[in-house]
1. Among residues other than I148 whose Cβ falls under 13 Å from its Cβ, what is the net charge (Lys/Arg +1, Asp/Glu -1)?
2. Would you compute the Debye intensity of the stretch 10-57 from its alpha-carbon atoms alone, equal scatterers and no solvent, and pass along log10 I(q)/I(0) at q = 0.23 Å⁻¹ to two decimals?
3. Rounded, prolate or oblate: which one fits the stretch 152-202, using the alpha carbon gyration tensor with axes a ≥ b ≥ c (rounded when a/c is under 1.5, else prolate when a/b beats b/c, else oblate)?
4. Ranking request for peptides 176-189, 356-369: highest mean number of other beta-carbon atoms within 10 Å first, then the rest in descending order.
5. Let me know the charge dipole size of the chain about its Cα centre in debye, to the nearest 20, where only the beta-carbon of Lys, Arg (+1) and Asp, Glu (-1) is charged.
6. Taking the Cα centre of each part, how many Å lie between the stretch 44-86 and the stretch 204-226?
7. Counting other C-beta atoms within 10 Å, which of E406, E124, E343 has the fewest, and how do the rest follow?
8. Calculate the length of the line joining the C-alpha centroid of the stretch 91-131 to that of the stretch 259-287, in whole Å.
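Values in this text are rule-based calculations from the coordinates and carry no lab data. Please read all numbers here as calculations on a predicted model, not as lab measurements. Note: ideal-geometry Cβ built from the backbone for every residue, glycine included; neighbour counts use all protein chains shown.
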Amino acid sequence: MTAATTTPFAVRTKETLDMLASTGQMKVLQTLDSPMDALVTMIDDDGSKHDRICMCSNNYLGLANHPDVVNAGIEALKQYGAGTASVRFICGTFTPHHTLEQTIAQYMGTEASYTFVSCWNATEALFPTCCEAGDIIISDELNHACIIDSMRLTPVIKKGVKKAVYKHSNMDSCREVLERAKNDPDITGQIWLITDGVFSMEGDIANLPELRKLCDEYGAYLCVDDSHGHGVMGKTGRGTHEHYNMINENGKSQIDVFTGTLGKALGGGAGGFIAGSKDLIDLIIQRGRPTLFSNALPVTVAASANTAIRTLMNEPQRVEHLRKVTQYCREQIKAKTKFEVLESPTAICPIIVGETATAIAMSKKLLDHGIFVIGFGYPVVPEGEARLRIQMSAAHTKEHVDQLVEALRQL
Ligand SMILES: *Cc1c(COP(=O)(O)O)cnc(C)c1O
């Protein structure tokens, strides 16, 4: 074999890594030595330990280290062991998976749901399984990477599936794309429209009522990936559809299909789901490649996630506190610092700083002031729009916000 340092892969990889290092764009993976909570213990490069306020987690409800959530996982591990060492259609499903999937369906307002090891996996199951030749998938241009990749994958698995993109949250552009689809002789099947509920880089939300109307007009299914909306949006944290009052009196959602993660507000461990009609879920079970050829969500995580959602349902005051502390954070940043924070009804408070290197340097400085916030740059966001993304949690208090504001003032 060629010497490892002269293979095409080795040469180009070294070039990429050198470029990232020399331009200050290299991401550092921080080391945590405590559970995720308002305060985390971090171990720095020099081995020193620091307690810092964590404001970059999606732990929106502060449930990642909730004693009930932790205990549910421990009990499930004791009762069921690590797993079935198999996929579900061969060795079956543990009771906690059934329980969790019923809880998710009830919480989302759908007939059924099915869980996966991640939302990424769930999204990769959705379109390649449900679409057939003659279908089209229509996407907001700023949708999450897992949606983009699932759309790329679908025509590879199912020839004859088309895809199209509309301008971000632009309903005129969306209508144009739907109109084109309607007049396309190749599109003889189902139109699928997919949007993030909450767009995580800006913290803006999809116009679900208008999208619902458009989908009804064109006979399209409306799919929403509400990974950043579940637990956050709406009075009781059911998501962006609740924010818009799109849950009927009988508890049924006006959204046709949801994808979502259990790795953010809803427990924070890992896991994802598809929620929708019973037939759609049955098709996923029968035909979905990530369900047929890949293991289930670990049972410990299933039990923890179920307890997290139940805790949210029983304690809507967590959502209320999250909303209040987020509002306080925005007000204080605007009133007391020179930074501009993007407006949003979500718990995401991005501060745009420009260059990727600036964002990374600022987040490094904030660490010295006891604040853990990450700078996002290219390619996660467009060039020149790098940002610090502050994310609030129900675990935060006003005092935590005050410390953030003081640190921002000292930058
Ligand atoms: C975080 C996120 C995902 C990925 O979730 P995982 O469960 O970690 O795979 C998918 N979609 C959106 C919109 C997200 O924000």
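1. -4
2. Debye output, listed in q order: -0.80.
3. Oblate, since a/c reaches 1.5 and b/c is not below a/b.
4. 356-369, 176-189
5. In debye, rounded to 20, the chain gives about 320.
6. 34
7. Going from least to most buried by this count: E343, E406, E124.
8. Each part reduced to its Cα centre gives a spacing of 3 Å.
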